[in-house]
Amino acid sequence: MKGLNISYRSRGLGFLFLLCFMFILIGSQKAQGHSSFDLIESPTKYDGKRVVYSGEVIGEVMIRGDYAWVNLYDGKAAIGVWLDKNLTRDIVYTGSYKAIGDWLEVEGIFNRACLEHGGDLDIHAYALRKIKGGRAVFHRLNPQKLKVALILFVGLCLSLILKRLPKG
Amino acid sequence: MILKPSAQDFKKIGYYIGKIIIGLSLVMLIPVIVALANREINPALDFLIGLEIGLILGIILTRFCSPQQDLGWMQGMVVVSFSWLVATILGAIPLYLSGHWNSFLDACFDAMSGFTTTGLALVRDLDHISLAHNLWRHLIIFIGGQGIVIIALSFFAKAAASGAFRLYVGEARDERIMPNVISTARFIWSVSIAYLVLGTFGLGISGVLNGMRPTSAFFHGLCVFMAAFDTGGFAPQSQNILYYHNPSLEIVIMIIMILGTINFRLHYNLWSGNAKEIFRNIEIRTFFFAVIITFLFVVAGLTQHLVYPCGMVLFRKGFFQLLSAQTGTGYMTIYAQQFLREWGDLALVGIIGAMALGGAVCSTTGAIKMLRIGIIFKAFCQHIKKIILPEGAIFSEKIHHIKEVFLDDKIALSASLITLAYLLLYVIGAIVGVFYGYPFLYSLFESTSASANVGLSCGITRPDMPLFLKLTYMFQMWAGRLEFISVFTLIGFFWALLKGKR
């Protein structure tokens, strides 16, 4: 009887471990998401399905009524995400020369050729999570470029003097 | 017997190239000012370096190469073709210094693509480029579209007056709008500036109404206008026109692309109140029929593969891409990979056909062009008539291009030769692509896009593409933009230098 109890207990523990493993697996899959490469190269495979996509917000958030367009760049390509404008409130930085945009993860329905948006390949997101905040980028003056510019300026002045000298 | 070029030939060529370099360098003042206004210090230095190199080179050339005689045809052609190469190198300097291009060759590729209004790009991380560099990418399209020489003619009217017409013709513009070439150059600039103001306003308003910040909307409007009117195809963001998700903007862009594809002589007629010309002109008629025929191919291809869920969507995507191809712009509202993965061969054939045909002569487009297609078609009909009619019958075929012109064998032969040269260029590029393992149709697509100065891509043009393929496309863009003659003259010039007799 005792042996049977141990067997049940070990089976129960085994089942618990299996359950945990499955949750971890599903969780990790969700975090991994889909890349722009997957979605653009195999659009038919994901058409109309739930996808998780993450990337840096680039350009600007374009508000259209109660919704907004956000373009997310994952390092390979950027994909347009259509979402409720309230979801965009957390976006502080958008990628440009002067800033690295917030890195967002969106969950939504992928459309190979969206009927609502004139055939655009897009994602209609219903959930958004900020993975990493962006930041302003301060570009320091490049001393090498400054040196070259100054040397060339001297060269330019000399060539202007040369131009004014009488020929022959 | 081929004669070796003399010192006097070099002096003439050097002098005019010097003038053109100075003109082009001065244009770099615009991005310098934009960079300083936006506190983009390093980009300002990039352009300052480019400007200084250009001015030093230009001043030295004009100082040591003062010509004593008028510019001849050969020298004029060499000046034009060589100045486009120099412009490419000069224009690539600030691009390369930005760090957004893998190598100087890549920067030259984009500069060549910009000046020739092609639009194929090797830039990396475009979404983080400075405003000054982004403006420069579009500005070189605007300069290249009107013509680098046109700039020089506008700036240095007196200096260039003697050989002006030869330079003008060398830049693939054999039609004078006004009796004087310099007035023609200035007219081209006036028209372009007027449309620039209107187009930027239209695009900017569309951007503001669709959620963009006003400053950003008008900056994007300015850039997109320059690339659409000059049928270039660069866009400020990596997604090209898809970035905006904006149908009204797409409509405005389509109007601008059509305006860019119209002959400047026709613009002159329209501005002078001769609106009837648009319905009679052979180029416009041919353009209209070409769009219909190539679009039928696209529709058939997209329908065959059920690419889009409804007719309206098919029209929006299909027609925009088609018009972009036909006008030689290269703007895209789909991803390059979608051409390969979804569109199917038949639709691609339609797009390739549209790219290969192009817009009007004396416009900002590339490719074979509508006037030549119209002439060849008329000559073909004339030939058939000759066979059908009795032997003694006399008849003449006319074409209407601004005025009535009798179609003779000389005109037909000239149109056929240039068409043949373009077809060869398309195929040669495709063969190089096939050599590197790309399928023929995709190679032909990219090769036609480069040669016809379109800029649509099915994904072959990437920073990691083979080096020789980059060089091939650069040659195609250059030869295609200048319509061969001045390029062949330059090759002949170097041949004479090596093999000619004193």
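The values are calculated or read from the model by the stated rules, or taken from the named source; none is laboratory data. Owing to the predicted nature of the structure, the values given are computational and were not obtained by experimental measurement. Note that we place each Cβ from the backbone using ideal geometry, even for glycine, and neighbour counts take in every protein chain shown.
Highlighted here are the helices (runs of 4 or more DSSP H) found entirely within the range B:135-227 that include at least 3 residues which are at pLDDT 85 or above and of a type outside the set (Phe, Trp, Tyr): B:181-209. Considered as a group, the residues in the range B:480-502 that are without any contact (Cβ under 8 Å) to a residue 60 or more places away in the chain and of a type in the set (A, V, I, L, M) include one that is farthest from B:Gly366 (Cα to Cα), and that residue is B:Leu498. Of the residues making up the range B:323-349, those that are more than 13 Å from every other protein chain (Cβ to nearest Cβ) and closer than 19 Å to B:Gly119 by Cβ are B:Leu323, B:Ser324, B:Ala325, B:Gln326, B:Thr327, B:Gly328, B:Thr329, B:Gly330, B:Tyr331, B:Leu348. Determine whether B:Arg372 is without any contact (Cβ under 8 Å) to a residue 60 or more places away in the chain and either within 30 Å of B:Tyr243 (Cβ to Cβ) or touching an Asp or Glu at 6+ places or on another chain (Cβ under 9 Å) (or both). Taking the combined requirement at face value, the residue does not satisfy it. The criterion of being buried (at least 24 other Cβ atoms within 10 Å of the Cβ) and either in contact (Cβ under 8 Å) with a residue 60 or more places away in the chain or polar (S, T, N, Q) (or both) does not hold for B:Gly50. Within the span defined as the range A:106-126, one or more residues are more than 8 Å from chain B (Cβ to nearest Cβ), under 15 Å from the mean Cα position of the chain (by Cα) and among the charged types (D, E, K, R).
Scanning the range B:118-136 for residues that are farther than 15 Å from B:Asn240 by Cα and out of contact with any Pro (no Cβ under 7 Å at 6 or more places or on another chain) gives a single hit, B:Leu131. For the range A:61-79, filtered to residues that are surrounded by 23 or more Cβ atoms within 10 Å (Cβ to Cβ) and facing chain B (nearest Cβ under 7 Å), the residue that is nearest to the chain's Cα centre (by Cα) is A:Tyr73. For B:Gly76, are the conditions met, namely being among the small types (Gly, Ala, Ser) and either within 14 Å of chain A (Cβ to nearest Cβ) or surrounded by fewer than 24 Cβ atoms within 10 Å (Cβ to Cβ) (or both)? In short, no. Can you find a residue that is surrounded by fewer than 19 Cβ atoms within 10 Å (Cβ to Cβ), more than 13 Å from every other protein chain (Cβ to nearest Cβ) and outside any helix (DSSP H, G or I) anywhere in the range B:253-272? There is at least one residue in the range B:253-272 that is surrounded by fewer than 19 Cβ atoms within 10 Å (Cβ to Cβ), more than 13 Å from every other protein chain (Cβ to nearest Cβ) and outside any helix (DSSP H, G or I).
Filtered by the rule that a residue be assigned to a helix (DSSP H, G or I) and over 17 Å from the mean Cα position of the chain (by Cα), the range B:446-471 gives B:Leu467, B:Phe468, B:Leu469, B:Lys470, B:Leu471.
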